[in-house]
1. Filter segment 52-86 down to residues that are more than 19 Å from LEU156 (Cβ to Cβ) and among the β-branched types (Val, Ile, Thr), then give me how many there are.
2. Identify the residue in segment 107-126 that is part of a strand (DSSP E or B) and not aliphatic (A, V, I, L, M) and, among all such residues, is most open to solvent (accessible area, probe 1.4 Å).
3. Could you please find all residues in segment 6-21 being out of contact with any Phe, Trp or Tyr (no Cβ under 6 Å at 6 or more places or on another chain), open to solvent by 30 Å² or more (accessible area, probe 1.4 Å) and in contact (Cβ under 8 Å) with a residue 24 or more places away in the chain?
4. Just the residues that are over 25 Å from THR46 (Cα atoms) and of a type in the set (Gly, Ala, Ser), please, taken from segment 113-157.
5. For the structure I just gave you, tell me whether SER129 is assigned to a strand (DSSP E or B) and either among the β-branched types (Val, Ile, Thr) or in contact with a strand residue (DSSP E or B) (Cβ under 8 Å, 6 or more places away or on another chain) (or both).
6. Tell me, please, whether a residue that is open to solvent by 30 Å² or more (accessible area, probe 1.4 Å), closer than 17 Å to THR99 by Cα and more than 14 Å from the chain's Cα centre (by Cα) can be found in segment 26-46.
7. Could you tell me whether any residue of segment 47-55 is open to solvent by less than 50 Å² (accessible area, probe 1.4 Å), of a type in the set (A, V, I, L, M) and without any contact (Cβ under 8 Å) to a residue 24 or more places away in the chain?
8. Restricting the first residue to segment 124-138 and requiring it to be more than 22 Å from GLU108 (Cα to Cα) and touching a residue at least 24 places away in the same chain (Cβ under 8 Å), which pairs with a second residue that is open to solvent by 20 Å² or more (accessible area, probe 1.4 Å) and assigned to a loop (DSSP other than H, G, I, E, B) meet a Cβ separation below 8 Å and a spacing of at least six or different chains?
Amino acid sequence: MEISLGTRTADTVRTYFEKARNPVIKGMLPQKAATVEEALKDYEDTLLPEASSYGRTILADGIYIGDIWCYCIDPDEDPNAMLSFCVFDESVWNKGIATSAARLFLHEACARYGLKTVGAFCFSDNAASIRVLEKTGFCLIEEFMEDGRLSRYYQLENKDRSKTC
């Protein structure tokens, strides 16, 4: 299976919003946008020159199956950005697709924005996301309770801070 990254569009944002409403996904990935209109506005904000987020679609053999993005991008902060991802097509879960997409995306985003550190949060019971983060080089920094749920913070860091991730 060939994994690649595609361009986000208003149509993919609509599709993602609907697919991510799956109760299993909602239980593992909190959604900021409550309506498709909010999701479209958030997407439009990523197109602005001063945008602090950047996203791509995840494609498996050319078929749109999820999204991956960085938010809170700021090379002067530590971490320089936060990573989030979601493969919404359950038929391809646990096949290494999110890991492959994360590697592609991190290489692209780190080069594009000069990122040296990237953080990521996930729930402690989200074994699939934990595997993706650990396989792409993220290290567990802390585990904590948030809103009554055990959560984890991971960070990817280039030890030679003169280079990007």
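The values are calculated or read from the model by the stated rules, or taken from the named source; none is laboratory data. Because the structure is predicted, anything quoted here is derived from the model rather than measured. Cβ coordinates were reconstructed from backbone atoms using ideal geometry, including for glycine residues, and neighbour counts include every protein chain displayed. The protein model used for the area step is the full one, side chains on, heavy atoms only, and it has no ligands, DNA or RNA in it. Shrake-Rupley method; radii C 1.70, N 1.55, O 1.52, S 1.80 Å.
1. Of the residues in that region, 3 qualify.
2. Taking segment 107-126 first, the residues part of a strand (DSSP E or B) are 117-123.
Pick out the ones that are also not aliphatic (A, V, I, L, M) and you get 117, 119, 121-123.
On the way: THR117: 1, GLY119: 0, PHE121: 112, CYS122: 14, PHE123: 36 Å².
Taking the candidates together, the pick is PHE121.
3. The answer is THR7, ARG8, ALA10, ARG14, THR15.
4. Within segment 113-157, SER124, ALA127, ALA128, GLY137, GLY148, SER151 qualify.
5. No.
6. no
7. Scanning segment 47-55, I find at least one residue that is open to solvent by less than 50 Å² (accessible area, probe 1.4 Å), of a type in the set (A, V, I, L, M) and without any contact (Cβ under 8 Å) to a residue 24 or more places away in the chain, so the answer is yes.
8. Pairs found: ALA128/TRP93; ALA128/ASN94.
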